[in-house]
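Beneath this line is the structure, given in C-alpha cells, with notes to follow.
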Amino acid sequence: MTKNNATPIAFTVSDLTVAYDGKPAVWDADLAVPEGVLMAIVGPNGAGKSTLIKAALNLIPRAAGTVRFYGKTYEQARDLVGYVPQRGSVDWDFPTSVIDVVTMGLYGKLGWFRRPGKRERALALQALEQVGLGDFADRQISQLSGGQQQRTFLARALVQDARIYFMDEPFAAVDAVTERAIVAILSELRSRGKTVIVVHHDLQTVPEYFDWVTLLNIEVIASGPTREVFTQDLLNKTYGGRVAGLQAPAPSDDSAESPAAYTGYAPARAGS
Amino acid sequence: MTTLGRDQRVIGVIAVLALVAILFIGVSQTAWGIQYDYTLRTVALGGALLGVLTGVLGCFAVLRRESLIGDAISHAALPGVGVAFLVAGRDLGALLIGAGVASWLGVQCVNAITRTTRLKQDTALGIVLAAWFAAGIALLAYIQSTPNASQAGLDKFIFGQAAAMLESDVRLIAAAGGVALVMIVLFWKEFKLVTFDPEFAQANGFRVRFITALLSTLIVLAIILGLQVAGVILMVGMLIAPATAARQWTDRLDVMLVLSAACGAFAGGIGAIISAVSTNVPTGPMIIVVASILVALSIAFAPGRGFVWTLLRKRADRRRFAVPTIGGA
Amino acid sequence: MNRVYTLVHRGLCFVALLSIGAAIVQAQETVTPSDSFNIVATTTQAADIAHILTDGVDGITITGLMGAGVDPHLYKPTESDIAAMNDADMIIYSGLHLEGQFDEVFQALGEQNIQIYALSKPVKDAGYAIGGFTLSAELTNVDDPHFWFDPRNWELTTQDLADAFSAIDPDHADSYQANAEAYSAQLQALYAWAQAGMISVPEGQRYLVTSHDAFQYFGAAFGWQMTAIQGISTAAEAGVGDVQGVVDFVIDNDIPVMFIESSVSPATINAVQAGVAAAGATVRLGILPLYSDAMGNPGTFGGTYTGMIAENVYIILQSYRCAGVAVTLPDWDTLVQPEPTAELLAVDCAS
C-alpha cells in the first residue's frame with residue numbers, strides 16, 4: 001500500500017528531545033506517520049523507544065520539541081489516542097477482574113464522579129470478544145497467562161475506539177498463538193483505517209507484521225515504508241555494527257555502500 | 001469458583017467476626033466482670049471507628065506497595081509535635097496540626113527523593129522515617145527540661161494512651177471517617193485506576209498527582225488521629241494489618257475494603273475491651289495484637305491462598321495424580 | 001514498652017561511659033573542698049535542700065538538672081548533664097528509682113569514686129519507706145519513691161545530708177549543722193500546720209485522687225486515703241481498667257474533687273471526669289495543679305520545698321471548700337519561710 005499526499009498525517013514529531021540526568025534519551029527526533037499504517041519502532045536497548053512514546057503521551061517531561069496528533073496537541077486529541085503500556089508496569093496481583101480492567105479504558109470518557117454502567121460493560125465485553133477473551137470476563141487477572149494479560153491490555157485500548165494506538169512491546173514474552181492473534185487484531189485495526197504504532201523488539205518479524213518502520217537509536221535513523229527503510233545498511237547504522245542473520249528485503253539502488261560502524265551516542269542505560 | 005461463591009465466603013468471615021465479638025462481649029461481662037460503662041464504650045467505639053478508617057485507607061496503601069508509608073508518616077509526625085509545643089504550648093489541637101504538617105512534609109520528601117534521585121521508594125521511606133523520628137526524639141529530649149512539657153504528655157505520642165480517649169475524640173474520628181468514605185465513594189474509579197495503573201491513568205487525562213495527593217492526605221489524616229490511640233511506633237500495624245487480612249479472602253477491591261473495615265473494627269473494639277480485663281494491659285498494643293492474629297489466621301486458613309489450604313490441596317493433588325503412575329515407567 | 005527510651009538512653013550511656021573513661025585517663029586527682037565544692041542535684045527538691053544547707057558558705061556551686069514541671073520518672077540525662085556530673089564533687093539525687101532513667105549513669109559514676117548521695121537513704125534506713133509496689137516484670141516489691149511528701153521524712157533527710165556535707169567539707173561543718181537545725185524547726189512547724197488543716201476535713205471525705213500515685217507518703221502523714229489512675233511511675237501507660245477503677249472509686253465514695261498534677265498530662269483525669277459525668281454524678285477538678293514530682297518555678301511560692309508542701313495543702317483545702325466541704329484553713333506559722341501568696345489564702349470558687 002503506498003501512501004500519497006492525500007493521506008492525512010496521523011502522528012507528527014518535531015525536534016523531540018528527552019533527557020535523563022543530563023544525557024539524551026531521545027535526541028532531535030522527527031517523524032511523520034501517515035494514517036492507516038502499522039508501524040514498528042525498533043532499535044537496540046536504551047535507544048529511547050518507550051521513552052519516545054511516553055514523552056509523546058505526556059507521561060514523561062520533554063526537554064524540547066512538539067508532538068501532534070492529527071494536528072492537535074495531546075490534551076486536545078486524547079480521545080483519539082489509545083495506549084497499551086508494557087505488561088510489567090502493573091501488579092497483576094491486584095484484586096480485580098478482566099472485564100474490570102477493560103472497563104478502565106472507558107473511565108477517561110466518563111469524567112469525574114460518574115460510574116461505569118451497563119453500556120460500558122457491554123462495550124468492554126465486546127472488546128474482550130474481539131481479542132478472544134470473551135469467556136474470561138470474570139476471571140481474576142492474577143490467574144491469567146502472559147498472553148492473556150497482553151490481550152486484556154489490548155482489549156482495554158480497543159474499547160477506547162481510538163484512531164491512533166500506541167503499544168509498548170506487546171509481543172514481549174508472549175506465546176506464538178497469542179502473537180498470531182495479536183497480529184491479526186492489529187491488521188484488522190489497520191484495515192479499518194486506524195494507525196498503530198508499536199515498540200517492537202524482534203527484528204525477524206518486522207517485515208512480516210509491519211508496513212512501516214522507524215529505526216531509532218536515540219536519534220531517528222530512518223522512518224518510512226518497511227521495504228525502503230528496513231535495509232541491512234540502515235539496520236547496521238542503527239545497531240552500531242553488523243546485525244547478524246537478517247534477511248534483508250530486495251536490495252535498493254543504494255545498497256552498494258559498505259557497512260560502516262555508526263558511532264552515535266552510546267546508550268545511557270539499558271531499557272528505553 | 002464463582003464470584004458469588006467468593007462473596008459468600010466474605011459474608012461468612014464478617015459473620016464470624018460479628019459472632020465472636022458478641023460472644024466475647026457477653027463472656028467478658030459474666031466471666032471477667034468487665035463493666036461496659038462510659039469509659040470502655042468510648043474507648044472501644046473510638047478504637048473500632050479508627051479501625052474502620054485505617055482499614056479502608058490501608059487497602060490503598062497496601063495495594064500501592066506503600067505499606068511502610070504508614071510507618072514513615074507516623075514516625076515523621078514526632079518532630080511536628082515537638083515544634084508545635086514550642087510554638088503553641090500544650091494545646092492538643094495545635095500538637096495534632098504540628099504532627100500533620102510534619103507527616104505531610106515527610107511524605108513530600110519521600111516522593112521528591114524517589115522522583116529526583118536513583119533511590120527506590122523503600123530506601124527513601126527508611127531515610128525519612130529515621131531522620132524525622134531521630135529529630136523528633138532529639139527535640140523531645142531538649143524539650144523535656146522546659147516547663148510544662150510533661151503536662152503536654154508529649155511522650156505519650158510515642159506509644160499512645162488510648163484509655164484517655166474522650167467522646168470528643170471519638171466524634172473527631174467518626175467525622176474523619178465520614179469524610180474519607182465520601183471521598184472514596186466519589187473518587188472510586190479514580191482511586192482504583194491510579195492505584196492499579198498510574199501510567200494508563202495519566203495517559204487518559206486523569207490528574208494522577210492530584211489523586212495521589214488526595215489519597216496521601218487521607219492516610220495522613222487517619223494516622224494523625226490514630227497517634228493518640230496506638231502511638232507513633234505501632235500505627236503502621238493499624239494501617240496494614242486489616243487490609244492484609246482482608247486481601248486473603250477476596251479478589252474484589254470493593255469487597256476487600258468492606259472486609260478490611262470489618263477486621264479493623266474488630267481489632268479496634270476487641271483490643272480495647274481486652275485491655276480493660278487487667279489493669280496493666282496497654283490498649284494500643286493490644287489492638288495491634290488482635291489485628292495481627294487476624295492476619296495470621298487469614299494467611300493460614302483462607303481458601304485459595306491460605307497456607308493450610310495450599311498444603312491440603314498439594315496433598316490431595318499428590319494422591320490423585322500418584323495412582324496412575326504407580327507401576328508405570 | 002520502654003524499649004525506645006532504653007535504646008536511646010543506652011546509647012547515651014555508652015557515650016557517657018566513654019567520656020567518663022576519658023576523664024579518668026586525663027585527671028586522676030580527687031577534688032578537695034578547698035576548690036569550689038561542686039554539687040549536682042537531680043530534682044528540684046534536691047537542689048532546694050542543697051541550697052538551704054549550704055546557705056552562707058562560700059565556694060559552693062549547685063547545678064540542678066531538672067527544672068520546674070519536669071517529670072523525673074521519664075527524664076533522660078543529656079550530654080551536658082553527664083558532663084556536669086563528671087565534674088561534680090558530690091551528686092545528690094532523690095533515690096528509690098525516682099530518676100528512673102539514671103540507674104546506669106549512677107552505677108558508672110559510682111565506680112568513679114564520685115560521691116553520690118541518695119536523699120532517700122536515711123528514710124529507707126529508718127524503715128519509713130512504703131513498699132510492695134510493682135514497677136515492671138523485673139522490678140517487683142519496690143518502694144514508693146515519693147518519700148519527701150511527709151515533712152517528717154524530709155527532716156531525716158535534712159539532718160543526714162548535713163552530716164554528709166560535714167564529712168566532705170569539715171571546715172564548714174558548723175554552718176551545715178546550724179542550717180539543718182534551723183530548717184528542721186521550720187519543717188516541724190510546717191508539719192503541725194499542715195496536719196491542722198488536713199484533719200479539719202471530715203473523716204469520711206479524706207480522699208485524694210490524682211493522676212499518678214505520688215502521694216502515699218502525704219496521705220500517711222495526714223491520715224488521708226490515696227487513689228491514682230497510674231501507679232507510682234508515669235512511665236507505664238494507663239489502661240482502660242485503671243480509668244474505670246478510679247471512676248468507680250470516685251462514685252462509690254462520693255468524692256467531690258480530683259486533682260491534676262503540674263508535671264503530668266491531665267488527659268487521664270479528664271477521662272475519669274467524663275466517665276463520672278456519664279454515670280450521672282459530677283466531680284470537680286482542683287483549683288490548681290498539685291506539685292507531685294517537681295516543684296514550682298524558682299522565685300515563686302511553690303519553688304521551695306516548704307512552699308510546695310504548703311501550696312499543695314492550700315490547693316487541696318481550697319478545692320474541697322469550693323466543693324462545699326467544710327474545712328478550716330489554719331493560720332500560717334511565720335516561722336516557716338517563705339510566706340504564702342494572697343491568691344492561695346482567698347480563692348474565688350467561681351473562677
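Looking across segment A:10-57 at every residue that is surrounded by fewer than 21 Cβ atoms within 10 Å (Cβ to Cβ) and without any contact (Cβ under 8 Å) to a residue 60 or more places away in the chain, the one that is farthest from the chain's Cα centre (by Cα) is identified as A:G22. Contact annotation: residue pairs with Cβ atoms under 7 Å, 6 or more positions apart or on different chains, pairing a residue in segment B:276-303 that is closer than 17 Å to B:A18 by Cα with a partner that is of a type in the set (F, W, Y) and assigned to a loop (DSSP other than H, G, I, E, B), are B:S298/B:W249. Annotation: A:I185 fulfils all but one of (1) assigned to a loop (DSSP other than H, G, I, E, B); (2) within 17 Å of the chain's Cα centre (by Cα); (3) not aromatic (F, W, Y); the unmet one is (1).
Filtering C:D58, C:D48 for residues that are away from chain B (no Cβ under 12 Å) and at pLDDT 90 or above leaves a single hit, C:D48.
Taken over segment B:27-77, residues that are within 13 Å of chain C (Cβ to nearest Cβ) and among the hydrophobic types (A, V, I, L, M, F, W, C) amount to 6.
Answer yes or no: is there a residue in segment B:151-162 that is within 23 Å of C:Y5 (Cα to Cα) and surrounded by fewer than 16 Cβ atoms within 10 Å (Cβ to Cβ). For segment B:151-162, residues within 23 Å of C:Y5 (Cα to Cα) and surrounded by fewer than 16 Cβ atoms within 10 Å (Cβ to Cβ): absent.
If I filter segment C:267-290 for residues that are crowded, with 24+ Cβ neighbours inside 10 Å, part of a loop (DSSP other than H, G, I, E, B), at the interface with chain B (Cβ under 10 Å from one of its Cβ atoms) and touching a Leu at 6+ places or on another chain (Cβ under 8 Å), do I get at least one hit? The answer is no; no qualifying residue exists.
Okay, residues lined up against (1) in contact with a Ser or Thr (Cβ under 7 Å, 6 or more places away or on another chain); (2) more than 21 Å from B:A265 (Cβ to Cβ):
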position: B:D7; (1), (2): no, no
position: B:A31; (1), (2): no, yes
position: B:L50; (1), (2): no, no
position: B:V62; (1), (2): yes, no
position: B:V83; (1), (2): no, yes
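The residue that is surrounded by the fewest Cβ atoms within 10 Å (Cβ to Cβ), among those in segment C:166-204 that are of a type in the set (S, T, Y) and over 19 Å from C:I39 (Cα atoms), is C:S200. Somewhere in segment A:69-90, is a residue within 25 Å of B:M183 (Cα to Cα) and modelled with pLDDT under 95? Looking through segment A:69-90, at least one residue is within 25 Å of B:M183 (Cα to Cα) and modelled with pLDDT under 95. Is it the case that some residue within segment A:99-119 is in contact with a Gly (Cβ under 8 Å, 6 or more places away or on another chain) and surrounded by fewer than 21 Cβ atoms within 10 Å (Cβ to Cβ)? Yes, segment A:99-119 contains at least one residue that is in contact with a Gly (Cβ under 8 Å, 6 or more places away or on another chain) and surrounded by fewer than 21 Cβ atoms within 10 Å (Cβ to Cβ).
For every residue, the table says whether it meets (1) more than 27 Å from C:A46 (Cα to Cα); (2) at pLDDT below 85.
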| position | (1), (2) |
| --- | --- |
| C:G299 | no, no |
| C:T306 | no, no |
| C:N312 | no, no |
| C:R321 | yes, no |
| C:C349 | yes, yes |
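Just to be sure, is B:L253 within 14 Å of another protein chain (Cβ to nearest Cβ), touching a residue at least 40 places away in the same chain (Cβ under 8 Å), farther than 15 Å from B:I14 by Cα and in contact with a Cys (Cβ under 8 Å, 6 or more places away or on another chain)? So B:L253 passes the test. Under the condition of being at the interface with chain A (Cβ under 7 Å from one of its Cβ atoms) and assigned to a helix (DSSP H, G or I), which residue from segment B:179-208 is farthest from A:P61 (Cα to Cα)? Result: B:L186. Counting only residues that are among the charged types (D, E, K, R), over 16 Å from the mean Cα position of the chain (by Cα) and either within 11 Å of chain B (Cβ to nearest Cβ) or in a helix (DSSP H, G or I) (or both), segment A:165-180 holds 1 of them.
Checking the condition buried (at least 17 other Cβ atoms within 10 Å of the Cβ) and farther than 25 Å from B:A44 by Cα, which residue from B:F206, B:F210 passes?
B:F206
For segment C:98-143, the set of residues classified as closer than 22 Å to C:L53 by Cβ, among the β-branched types (V, I, T) and in contact with a strand residue (DSSP E or B) (Cβ under 7 Å, 6 or more places away or on another chain) consists of C:I114, C:I116, listed by residue number.
Residues in segment C:214-266 that are away from chain B (no Cβ under 14 Å), at negative phi and part of a loop (DSSP other than H, G, I, E, B): C:F215, C:W224, C:N253, C:I255, C:P256.
The number of residues in segment C:244-277 that are among the aromatic types (F, W, Y) and without any contact (Cβ under 8 Å) to a residue 12 or more places away in the chain comes to 0. When the helices (runs of 4 or more DSSP H) confined to segment B:78-178 are screened for residues that are within 13 Å of chain C (Cβ to nearest Cβ) and of a type in the set (D, E, K, R), those reaching at least 1 such residues are found at B:156-159.
When you check A:S187 against the structure, is it closer than 30 Å to A:V67 by Cα, surrounded by fewer than 20 Cβ atoms within 10 Å (Cβ to Cβ) and of a type in the set (S, T, Y), yes or no? Against the criterion (closer than 30 Å to A:V67 by Cα, surrounded by fewer than 20 Cβ atoms within 10 Å (Cβ to Cβ) and of a type in the set (S, T, Y)), A:S187 qualifies. The selection criterion, being free of Cβ contacts under 8 Å to residues at least 40 places away in the same chain, aliphatic (A, V, I, L, M) and either more than 27 Å from C:G307 (Cβ to Cβ) or assigned to a loop (DSSP other than H, G, I, E, B) (or both), holds for C:A167. Counted as qualifying within segment A:66-164 are the helices (runs of 4 or more DSSP H) with 3 or more residues that are more than 18 Å from the chain's Cα centre (by Cα) and at the interface with another protein chain (Cβ under 8 Å from one of its Cβ atoms), namely A:107-110. Please count how many residues of segment B:33-51 are of a type in the set (A, V, I, L, M, F, W, C) and in contact with a Pro (Cβ under 9 Å, 6 or more places away or on another chain). Of the residues in segment B:33-51, 0 are of a type in the set (A, V, I, L, M, F, W, C) and in contact with a Pro (Cβ under 9 Å, 6 or more places away or on another chain).
Out of A:G65, A:G71, A:G82, one residue alone is in contact with a strand residue (DSSP E or B) (Cβ under 9 Å, 6 or more places away or on another chain), buried (at least 22 other Cβ atoms within 10 Å of the Cβ) and among the small types (G, A, S). It is A:G82. Determine, yes or no, whether C:A236 is surrounded by fewer than 23 Cβ atoms within 10 Å (Cβ to Cβ), of a type in the set (A, V, I, L, M) and farther than 30 Å from C:A129 by Cβ. No: the conditions fail for C:A236. Checking every residue in segment B:214-235 against the condition of being surrounded by fewer than 24 Cβ atoms within 10 Å (Cβ to Cβ) and within 11 Å of chain A (Cβ to nearest Cβ) gives zero matches.
The values are calculated or read from the model by the stated rules, or taken from the named source; none is laboratory data. All values reported here derive from a predicted model rather than from experimental measurement. So basically every Cβ, Gly included, is an ideal-geometry build from the backbone, and we count neighbours across all protein chains shown.
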